[in-house]
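S.K.: Attaching a single structure in structure tokens format; questions to follow.
The values are calculated or read from the model by the stated rules, or taken from the named source; none is laboratory data. Here the structure is a predicted model, which is why all the values come from computation and not from measurement. Neighbour counts run over all protein chains shown; Cβ positions are idealised from the backbone, glycine included. What goes into the accessible areas is simple: the full protein's heavy atoms, side chains included, and nothing from ligands, DNA or RNA. Shrake-Rupley method; radii C 1.70, N 1.55, O 1.52, S 1.80 Å.
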Amino acid sequence: MKKLWKQIWAWVQARLTLLKVLFVLSVLVFVVIEVGRIAKDLNGSALKASLATQSPTSVIAMVLLGLVAVVPMLNYDFTITTMLPGHFTRREVIKSGWIVNTFTNIAGFGGFLGASLRANFYHRGASRKEILLAISKIALFLLAGLSLWSVIALGLIFGFGIGRMYQDYWLWLIGGAAYFPGLMLVTHLSRREFFADLPLRRQLRLTLGSFLEWGGCAGFFLVIGHFLAVPGNLWDFLPLFLIANVLGVLSMMPGGLGSFDVFMIFGLGQMGLDNNLAVVWLLFYRLFYYVIPFLIGALLFAQDAGKQLNQTLEGLPLLVLRRLGHAVLVLFLYFTAIMLLLRGVVPDIALRNALYLRLYPFTFLFLSRVTNIVMAFVIFGFARGIANKVRKAYWPTIAILVVACLASLRQEAGWHFVAFVVVILIAAFLARGELTRQRMDFPWGNRLIDGTIFGFTALFYAIALFYNAPGLHHQRVPLAFFFPSERMWVTTAAGVLMAAATLGVIYRYLSTPQPALGLGDKTAIARVQAVIARSGGTEFSQLVFTGDKLVRFYQVAGVDRVCFLFRKKTDKLMILGEPIGDPADWPAAIADFMQAADAQGLSLVFYEVSEALTMQLHEYGFDFMKFGESGVVDLTEFTLAGSKRKGERALMHKFDREGYRFEWLQPPFTPALLTELRAVSDSWLNGRPEKGFSLGFFDADYLNQAPIGVIRDAQGQIVAFANAMPMAPGTASVDLMRSRADAPSGIMDAVFINLFQQALADGQTRFDLGMAPLSNVGLSGYAFFEERLAHLVYEYGYRFYGFQGLRSYKEKYVTTWSPRYVAYRKRSSLLFTLLQLLLLVNQTTAKRDEWPRRFGVVTKLDEWFQRNTD
């Protein structure tokens, strides 16, 4: 048998966490059932009618006194904690004690529920046996106070004649009075070792607590009688109350429910009290002493259980509640703004619509048409701030909700509206944790919606003016556009203008500029060079010298470890390529940048990044789209020998015969050389503007940062050039590749081949040829819709750009292709993101053949290819 108990105990210990969760859930189920039972037992109409007879002051007084009457019960929990080894703060004991005692008031004194709850709250540092022993000893004193009050009741009846009509029930009082002496005899004369931790002082403390508990509930019962103006001497009802409690305890019913009430109604009837008044008296006693304290305890328990569950599930439940509260608050604010706007702009149509009338009780009430319009725009403005998680939108929103609630209550809003507002305020409380941003930056989607609302409102008033203008007479004015007078039209139109101006002030308040998230001065360039020197560059790191991008640094112990090249476009920070720095520091750097951007209402977009980084970004909540493939030439395998390179070999021989030669020039460059290069660049541009962001442009400072390869003709004139793009060790590339308009055919192949050979001579093993835009994108029938659309552009967009031709041309040299992606935050519009990239790369109007550059897909060799294949 002993072995069996050990196995059972081992099984329990192994599943202790699960059992604790099941216990908490079972108590929550009990709470739900009890709340339902209470709601069913309480006669709503009778309770409402009874409460209506009391002044607000009386109701508040009864609520407070009912809570005070429960306080002595906390003495049990303070005593229990002194008998256990764990340390518990006063706040913990008060909270746990309130939960336990109000629950046991409803479910029956002591018992399994009280013991289980106390074991759950006070298990820290104590064994289960210690806890149960302490609880069982304390439970013996729960009725000590009732026993003493039974003695007092006997004295009142037979000594002072108070409650004499109840003298026939003396036997019950004798039984109750005998409990305390019997308890003292047991604790002091038998099993003294068992009660060793209950010295006389502790027993007296428990007895006094119990005495105050039972005296408190008896006194509170009499106070309720005073508020109800019960006729007669209230002290006569004290013995009745105590006798009824003794019967209730003996009945073993939760809170003496049933037996206590029946005997009380019977006894009050003996005093000549009307049954209806007796029922109301008991109803108030149950409500203010049992129900309200229990509901408070239920809320405290739910909070405690939620906290434990939140810790177990690593904060996920709280996150879900916060997001749910945020969503509910945002939805309500937008709903309210729309309802008020309809009420103010088209009241006749709104108030004739059945759906609107069904929803109208759940929004705010204002009599003035202008007030409705102004409040609609004000609420709409702060709803934008809450939706964008701006911290400083919170308190103005709460103030507006309070003012609007008070205004609605003055218009006799129903109880369902009050309950609904309470839910919204709870949602607002939960949503506060979601508001983490310092400001908001207006996304295009928000601007589009706002513009649509303002546009339709303006159009409505323009049409209304047409119909209501005094100089124009129409036989029939549509109801929606009818205004009783020109003054009404002017007043409401002025209200719209005032609301729009107020909304502008709100938006300005919510979008207060913050410090830039990056640097753009020469010190930033020097710091980037230091990072490149330590960790190597990327395919875009050289573009820091163009000066058209900001740089964000991530530091560890004051040392720059990672940097990002980026530009801001509306609410997006467009990051060019992969981070520069040690890949081991990328995750922390990305998280740091995301947090800083999110605080200002901005989101990150990574442009032209590898598959590895894309998958890493996906863990941070990014979606992605394949944008093409990047080609790399293996220089160790490149040779002009053999039949495969017969055409290129013949081309190089031809240029050699005609006197063309390749030169590899090192910076710094003379003004004369830069002037000659400028002439070649201008000839190639042919009046077209330079591009930026993902492309370099002709700039003397930029070109002086790396070697330049040039091809001269027989007269020594430069006909083509390309500037080197330093990358990671072992990899070479170029950025600007330009030639004169009269350069011979095949000059680009000559530039490539010479660059390959030069890179190999310099010890490089790879040459990056850049992207083939939209190549191998959306081939699968299961690909994303956007990628399928991109594939159609790749297949049929030859009228605008030679996508397939560029891929085919690079294929001659490329050894390995690798995918490149655009990564953007989830729930961001990909369409808007691509359009913003378009505007970023193209700051000026472009020709039709430059269409792909509008989408930021053109880099390095692509411009030259397109220029030389027109």
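S.K.: For the range 796-851, which positions are polar (S, T, N, Q) and either under 30 Å from the mean Cα position of the chain (by Cα) or modelled with pLDDT of 75 or more (or both)?
M.R.: Ser808, Thr815, Thr816, Ser818, Ser828, Ser829, Thr833, Gln836
S.K.: Just checking, does the range 647-656 include any residue being open to solvent by 20 Å² or more (accessible area, probe 1.4 Å), outside any helix (DSSP H, G or I) and either hydrophobic (A, V, I, L, M, F, W, C) or under 30 Å from Ala533 (Cβ atoms) (or both)?
M.R.: So far as the range 647-656 goes, no, none of its residues is open to solvent by 20 Å² or more (accessible area, probe 1.4 Å), outside any helix (DSSP H, G or I) and either hydrophobic (A, V, I, L, M, F, W, C) or under 30 Å from Ala533 (Cβ atoms) (or both).
S.K.: Find the residue count for the range 633-646, including only residues that are in a loop (DSSP other than H, G, I, E, B) and either of a type in the set (Lys, Arg) or loosely packed, with under 11 Cβ neighbours inside 10 Å (or both). Quick ask: steps written out before the conclusion?
M.R.: Taking the range 633-646 first, the residues in a loop (DSSP other than H, G, I, E, B) are 635-642.
Those still in the list that are either of a type in the set (Lys, Arg) or loosely packed, with under 11 Cβ neighbours inside 10 Å (or both) too: 637, 641-642.
Result for the range 633-646: 3.
S.K.: Shifting gears a bit: Among residues belonging to the range 657-695 that are in contact (Cβ under 8 Å) with a residue 40 or more places away in the chain and of a type in the set (Phe, Trp, Tyr), point out the one that is most open to solvent (accessible area, probe 1.4 Å).
M.R.: The qualifying residue most open to solvent (accessible area, probe 1.4 Å) is Trp664.
S.K.: Another question about this same structure. Sort out which residues of the range 708-731 are open to solvent by less than 20 Å² (accessible area, probe 1.4 Å) and either among the hydrophobic types (A, V, I, L, M, F, W, C) or in contact with a His (Cβ under 6 Å, 6 or more places away or on another chain) (or both), and write them in order of number.
M.R.: Within the range 708-731, Ile708, Val710, Ile711, Ile718, Val719, Ala720, Phe721, Ala722, Ala724, Met725 qualify.
S.K.: Can we say Arg437 is among the basic types (Lys, Arg), open to solvent by less than 50 Å² (accessible area, probe 1.4 Å) and either farther than 17 Å from Asn372 by Cβ or modelled with pLDDT of 70 or more (or both)?
M.R.: In short, yes.
S.K.: Quick check on my filter: what residues within the range 402-422 are open to solvent by 20 Å² or more (accessible area, probe 1.4 Å), at pLDDT 70 or above and within 15 Å of Arg358 (Cα to Cα)?
M.R.: Within the range 402-422, Phe420 is the sole residue that qualifies.
S.K.: For the range 107-180, which helices (runs of 4 or more DSSP H) that fit wholly inside it have 1 or more residues that are at pLDDT below 80, surrounded by 18 or more Cβ atoms within 10 Å (Cβ to Cβ) and in contact with a helix residue (DSSP H, G or I) (Cβ under 9 Å, 6 or more places away or on another chain)?
M.R.: 111-121, 128-139
S.K.: Are there any helices (runs of 4 or more DSSP H) wholly within the range 17-102 with 3 or more residues that are modelled with pLDDT of 75 or more and surrounded by fewer than 16 Cβ atoms within 10 Å (Cβ to Cβ), and if so which?
M.R.: 56-70
S.K.: Still on this structure, I have one more. State all residues of the range 517-527 that are modelled with pLDDT of 85 or more and under 35 Å from the mean Cα position of the chain (by Cα); if no residue qualifies, say none.
M.R.: Leu517, Gly518, Leu519, Ala524
S.K.: In the range 696-707, which residues are buried (at least 21 other Cβ atoms within 10 Å of the Cβ) and touching an Asp or Glu at 6+ places or on another chain (Cβ under 9 Å)?
M.R.: Correct list: Gly696 only.
S.K.: Here is a follow-up. Got a number for residues in the range 551-593 being open to solvent by 30 Å² or more (accessible area, probe 1.4 Å), touching a Lys or Arg at 6+ places or on another chain (Cβ under 7 Å), part of a strand (DSSP E or B) and not basic (Lys, Arg)?
M.R.: Adding up the residues that qualify gives 2.
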